[in-house]
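One structure is given here, and the rest of the page talks about it.
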Amino acid sequence: MRIVGLSIAVVLGAAITTAPDGASAATSPVVVAVDGDDSAAGTLDAPLRTIQEAVDRAGPGDVIAVRGGTYALVDNITITTSGEASQPITLGAYQDEQVVIDGEALSASHTPVGGSIPRAERGAIHQEASHWRVSDLEIVNGPYGYYCDSCDGNVFSRLTTRDNYETGFQLQGDSSDNQIIDLDSFGNRDPRKNGESADGLGIKEGSGAGNVVRGVRLWNNVDDGFDAWKFASPVLVENTIAYGNGYNRWDFPDFAGDGNGFKLGGGTPAPPAGHTVRNSMAFENAKHGVTDNGNPGALTLSGNTTFANSGTGFDADTAGSHAGLSANLAVSDGRPAAVGTDTVSSGNSWDIGGTWNDASVLSTDPSAVTGPRTAGGSLPSAPAFLVPRGGASVGARL
């Protein structure tokens, strides 16, 4: 069953939580508002003041509805109570109100150059719990935006993580069956490392089956768009866009940003992990569009498009990887592809031959994919962007 996320509608003080399979159940929500009081009942008429208080009160099946406004943190929000598979805990914005969680005042947001962030302080929201449904929050200026370690069975949908002092959204540790859907993560940077590690989205340094990334946009981050560094289990990435990553927009000295759209592994040694990337795009990144980064696993790259990346469009030449590349399109990259002797490459633009440059596609204008999302949070339609003029059945369709 595909889980698309949850929506919260509030009618006469009751929250209706609509599950993806169409089932719905009415329950009294725990309500938070910027003018609330943590000693209050936590109702629509008497809301709590802090999200942390609501989280501390929540148990399996509960709903936390956050009223619009900016929640300036003095301590990060820590989630350690798990829901249940049949009764997840829901955290999201009240109706269509805009909720901003601001970690600027957190001391870990301003860790000095060369310093390290204590594990418990990683994230404006720090989660070590399972079976949550988190949606429609904007997380800014944190020491990481959203950080989830040893998390199973969560759904994170329609989040925005921007301008954080480390990776926008990071999942790591022993974490399985999580879905990250319709995330926008951009402008994240790490002054303490001169740009070495702040990605848009990281699923790294751990393992666990069934993790899915879908409908995500990752742009203008200081390091990589997506990073699977030392994650030992396959991750599925689809319908996702990574662009403009790896440039020194913050004038960091000794700049160390990598600038890959999708980094699919790494480590010394890099664990073999058969990640899949399909129907996704990487364009105008400072280095590669898609790279195995030394991952010797059997990657599957199909129906993707790279465009105007400074390095290689598809860098998949790690010895012994047995990667499979099919129906991918590389346009105007530094070079289209690097494939190894063990790589299976068929039906890609470099296999078809010919010239693949700006004139080969219907449009190179990215505004179609960088504009506002649909009302439901989906990516905007882009029927012409980087689609071959001649009708060749290669590349992504968004």
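The values are calculated or read from the model by the stated rules, or taken from the named source; none is laboratory data. Here the structure is a predicted model, which is why all the values come from computation and not from measurement. Cβ sites come from the backbone with ideal geometry, for glycine too, and all protein chains shown count toward neighbours.
Name every residue in the range 104-122 that is closer than 13 Å to D190 by Cα and out of contact with any helix residue (DSSP H, G or I) (no Cβ under 7 Å at 6 or more places or on another chain), in order of residue number.
Restricting attention to the range 104-122, the residues satisfying the condition of being closer than 13 Å to D190 by Cα are 108-117, 122.
Matches in the range 104-122: S109, H110, S116, R122.
Criterion first (more than 17 Å from V155 (Cβ to Cβ), surrounded by 15 or more Cβ atoms within 10 Å (Cβ to Cβ) and at pLDDT below 95) does V10 satisfy it? Show your work before the answer.
Working: more than 17 Å from V155 (Cβ to Cβ): yes; surrounded by 15 or more Cβ atoms within 10 Å (Cβ to Cβ): yes; at pLDDT below 95: yes.
Spelling it out, V10 is indeed more than 17 Å from V155 (Cβ to Cβ), surrounded by 15 or more Cβ atoms within 10 Å (Cβ to Cβ) and at pLDDT below 95.
Have a look at D358, D351, D292 and point out the one that is of a type in the set (D, E) and closer than 17 Å to R278 by Cβ. Give the derivation first.
Details: D358 fails: closer than 17 Å to R278 by Cβ; D351 fails: closer than 17 Å to R278 by Cβ.
None of the other options fit; the residue is D292.
Among S326, S345, S349, which is the only one that is buried (at least 20 other Cβ atoms within 10 Å of the Cβ) and of a type in the set (S, T, N, Q)? Steps first, please.
On the way: S326 fails: buried (at least 20 other Cβ atoms within 10 Å of the Cβ); S345 fails: buried (at least 20 other Cβ atoms within 10 Å of the Cβ).
Result: S349 is the single residue among S326, S345, S349 that is buried (at least 20 other Cβ atoms within 10 Å of the Cβ) and of a type in the set (S, T, N, Q).
Quick one: R192 ticks every box in (1) in contact (Cβ under 8 Å) with a residue 60 or more places away in the chain; (2) within 8 Å of the chain's Cα centre (by Cα) bar one, so which box is it?
For R192, the failing item is (2).
Can you give me the number of residues within the range 101-117 that are within 22 Å of the chain's Cα centre (by Cα) and not acidic (D, E)?
Here is the first cut: in the range 101-117, the residues within 22 Å of the chain's Cα centre (by Cα) are 101-104, 108-109, 117.
Subsequent filtering for residues that are not acidic (D, E) retains 101, 103, 108-109, 117.
Of the residues in the range 101-117, 5 are within 22 Å of the chain's Cα centre (by Cα) and not acidic (D, E).
Which of the numbered conditions does G257 fail, given that it passes all the others? Conditions: (1) surrounded by fewer than 18 Cβ atoms within 10 Å (Cβ to Cβ); (2) out of contact with any strand residue (DSSP E or B) (no Cβ under 9 Å at 6 or more places or on another chain); (3) of a type outside the set (S, T, Y).
The single condition G257 does not satisfy is (1).
In this structure, is T70 among the hydroxyl-bearing types (S, T, Y), at pLDDT 95 or above and more than 21 Å from the chain's Cα centre (by Cα)? Write out each step before concluding.
Working: among the hydroxyl-bearing types (S, T, Y): yes; at pLDDT 95 or above: yes; more than 21 Å from the chain's Cα centre (by Cα): yes.
For T70, the condition - among the hydroxyl-bearing types (S, T, Y), at pLDDT 95 or above and more than 21 Å from the chain's Cα centre (by Cα) - is met.
Is at least one residue of the range 176-185 under 21 Å from A93 (Cβ atoms), buried (at least 20 other Cβ atoms within 10 Å of the Cβ), touching a Cys at 6+ places or on another chain (Cβ under 9 Å) and not hydrophobic (A, V, I, L, M, F, W, C)?
yes
Out of everything in the range 13-49 that is at pLDDT below 50 and surrounded by 13 or more Cβ atoms within 10 Å (Cβ to Cβ), what residue ends up being farthest from the chain's Cα centre (by Cα)?
A14
Can you work out which of the residues in the range 352-398 that are modelled with pLDDT under 95 and touching a Phe, Trp or Tyr at 6+ places or on another chain (Cβ under 8 Å) is surrounded by the most Cβ atoms within 10 Å (Cβ to Cβ)?
Ranking the candidates gives L398 first.
Can you pull out every residue in the range 189-211 that is buried (at least 22 other Cβ atoms within 10 Å of the Cβ), touching a strand residue (DSSP E or B) at 6+ places or on another chain (Cβ under 7 Å) and part of a loop (DSSP other than H, G, I, E, B)?
If the condition is that a residue be buried (at least 22 other Cβ atoms within 10 Å of the Cβ), touching a strand residue (DSSP E or B) at 6+ places or on another chain (Cβ under 7 Å) and part of a loop (DSSP other than H, G, I, E, B), then D199, G200, G208 are the ones that fit.
Report the residue count in the range 280-315 for those that are in a loop (DSSP other than H, G, I, E, B) and in contact with a helix residue (DSSP H, G or I) (Cβ under 9 Å, 6 or more places away or on another chain).
If we filter the range 280-315 for residues that are in a loop (DSSP other than H, G, I, E, B), which is where we start, we get 280, 284-289, 292-299, 303-304, 308-311.
Among the residues that remain, those that are also in contact with a helix residue (DSSP H, G or I) (Cβ under 9 Å, 6 or more places away or on another chain) are: 308.
Final tally of qualifying residues: 1.
Look at the range 97-128 and say how many of its residues are surrounded by fewer than 13 Cβ atoms within 10 Å (Cβ to Cβ) and either in contact with a Pro (Cβ under 6 Å, 6 or more places away or on another chain) or farther than 28 Å from D35 by Cα (or both).
Residues in the range 97-128 being surrounded by fewer than 13 Cβ atoms within 10 Å (Cβ to Cβ) and either in contact with a Pro (Cβ under 6 Å, 6 or more places away or on another chain) or farther than 28 Å from D35 by Cα (or both): 7 in total.
Specify the residue that is surrounded by the fewest Cβ atoms within 10 Å (Cβ to Cβ); the eligible residues are those in the range 129-164 that are hydrophobic (A, V, I, L, M, F, W, C) and part of a loop (DSSP other than H, G, I, E, B).
Quick first cut of the range 129-164, residues hydrophobic (A, V, I, L, M, F, W, C) only: 129, 132, 134, 137, 139-140, 148, 151, 155-156, 159.
Next cut, part of a loop (DSSP other than H, G, I, E, B) only: 129, 137, 151, 159.
Numbers: A129: 19, L137: 24, C151: 27, L159: 26.
Looking at the filtered set, the residue picked out is A129.
Kindly check whether there is at least one residue in the range 113-125 that is part of a strand (DSSP E or B) and either under 14 Å from Q52 (Cα atoms) or among the hydrophobic types (A, V, I, L, M, F, W, C) (or both). Walk me through how you get there before you give the answer.
Of the range 113-125, the ones part of a strand (DSSP E or B) are 125.
Pick out the ones that are also either under 14 Å from Q52 (Cα atoms) or among the hydrophobic types (A, V, I, L, M, F, W, C) (or both) and you get 125.
Scanning the range 113-125, I find at least one residue that is part of a strand (DSSP E or B) and either under 14 Å from Q52 (Cα atoms) or among the hydrophobic types (A, V, I, L, M, F, W, C) (or both), so the answer is yes.
Just one of the numbered conditions (1) among the hydroxyl-bearing types (S, T, Y); (2) farther than 30 Å from L44 by Cβ; (3) surrounded by fewer than 23 Cβ atoms within 10 Å (Cβ to Cβ) is not true of Y94; which one?
Result: Y94 passes all but (2).
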